[in-house]
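The values are calculated or read from the model by the stated rules, or taken from the named source; none is laboratory data. Keep in mind that what you see is a predicted model, and the values were worked out from it rather than measured. Note that we place each Cβ from the backbone using ideal geometry, even for glycine, and neighbour counts take in every protein chain shown.
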Amino acid sequence: MAEVHVNGVDIAYQQMGDGPDLVMVHGLAASRAFWFLQYAMPLSKAFRVTVFDLRGHGYSSRPATGYDASTIAEDLHGLLHHLGIERCILVGHSFGGGVAMEFAGRYPQHVSHLALLDTKLNSLQPEMRMSDSPYVSPFEAEVANKTGHDWDQETQVGLRFLEVLARWKLAGGGSETRDAFTPFGEGRGAARTAKQLIDVLDNTTAREDFVKVGVDANTIAALPMPVLLVYGEYSRCLPTYRALQKLLPQAECEMIPQGGHFFPQSHGRATLMRIERFLGLASSAAASASSDAA
């Protein structure tokens, strides 16, 4: 792990591999470890992969302000300048996709390809409600029943669910259900991540910053680079997906069957294969599947 001070914040990052630059941006309540085993390692056979911790996450510092996608895009700009990366493939999941889109809109000359994985863009989807998906997973239902939160009245279900679950976990709440919709992991790492999220929400401007509007529709429609949109069938980010399809009719699109918001983890092989096809690679995930079958 290395660290650099840019845009008023200490950013922890890691690089592996050689070749064209590929940069991956994680979402809320995660860290650069989100990408490591299923994506960064196999992709490092063809690319120099850079992963980093967003401000307030992982081993990056926690400033009092600046948690909107626009400001974090400037963190990314500073990191890439420090690393001498002039042009890169940019992949982002969830809020990390919002950061990636913001960066691509501001600095299109620095982005060769853009891949968004289940990203909600506040300019296209200002609210996220429980009804934005017809499916409620067993895990979501368990959390909702045990925490007693009024989910039907919640206008930012994704963020609130992460917060409620983090507080529940820190209070010693356990789950009898694990499924493809389950955020956080297990053990001390999960507790540390939950504590970090609550610390950021309670002691910084993050709660307001996370839902700021960000990049506008005209900027999105003008993006010149190839774009890949991968979303889960049961995601609550589908209003953004449908809006992006209209703004970017040339984009490659993929729906992950039965995928929830965290499909990059629960459906890692299928997601990696789709990214590799987008980048013109023979699929390492497919090769691994053939090897396993043999």
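Scanning the stretch 252-276 for residues being buried (at least 22 other Cβ atoms within 10 Å of the Cβ), in contact with an Asp or Glu (Cβ under 7 Å, 6 or more places away or on another chain) and not in a helix (DSSP H, G or I) gives a total of 3.
Does residue 71 count as in contact with an Asp or Glu (Cβ under 9 Å, 6 or more places away or on another chain), surrounded by fewer than 19 Cβ atoms within 10 Å (Cβ to Cβ) and in contact (Cβ under 8 Å) with a residue 12 or more places away in the chain? No: the conditions fail for residue 71.
Let's see how each residue does on (1) in contact with a strand residue (DSSP E or B) (Cβ under 6 Å, 6 or more places away or on another chain); (2) at pLDDT 90 or above; (3) in the same structural domain as residue 6 (by TED's automatic domain parsing); (4) of a type outside the set (D, E, K, R):
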position: 77; (1), (2), (3), (4): no, yes, yes, yes
position: 80; (1), (2), (3), (4): no, yes, yes, yes
position: 88; (1), (2), (3), (4): yes, yes, yes, yes
position: 92; (1), (2), (3), (4): yes, yes, yes, yes
position: 103; (1), (2), (3), (4): no, yes, yes, yes
position: 116; (1), (2), (3), (4): yes, yes, yes, yes
position: 140; (1), (2), (3), (4): no, no, no, no
position: 150; (1), (2), (3), (4): no, no, no, no
position: 155; (1), (2), (3), (4): no, yes, no, yes
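Residue under question is residue 9, and the condition is that it be in contact with a Pro (Cβ under 9 Å, 6 or more places away or on another chain), more than 24 Å from residue 276 (Cα to Cα) and of a type in the set (Val, Ile, Thr); does it hold? Here the answer is yes, as residue 9 does meet what is asked. Part of a loop (DSSP other than H, G, I, E, B), at pLDDT 95 or above and either polar (S, T, N, Q) or buried (at least 17 other Cβ atoms within 10 Å of the Cβ) (or both): is that true of residue 201 in this structure? No; evaluated as a whole, the condition is false for this residue. Mind listing just one residue for me: the one in the stretch 206-243 that is of a type in the set (Asp, Glu) and outside any loop (DSSP other than H, G, I, E, B) and, of those, surrounded by the most Cβ atoms within 10 Å (Cβ to Cβ)? Going through the qualifying residues, I end up with 209. I'd like to know if the stretch 165-177 contains one or more residues that are part of a loop (DSSP other than H, G, I, E, B), of a type in the set (Val, Ile, Thr) and at pLDDT 70 or above. No, every residue in the stretch 165-177 fails to be part of a loop (DSSP other than H, G, I, E, B), of a type in the set (Val, Ile, Thr) and at pLDDT 70 or above. When the stretch 111-149 is filtered for residues that are in a loop (DSSP other than H, G, I, E, B) and surrounded by 22 or more Cβ atoms within 10 Å (Cβ to Cβ), the ones remaining, listed by number, are 118, 119, 120, 121, 124. Annotation note: of 55, 48, the sole residue that is under 30 Å from residue 199 (Cα atoms), at pLDDT 95 or above, among the charged types (D, E, K, R) and in the same structural domain as residue 103 (by TED's automatic domain parsing) is 55.
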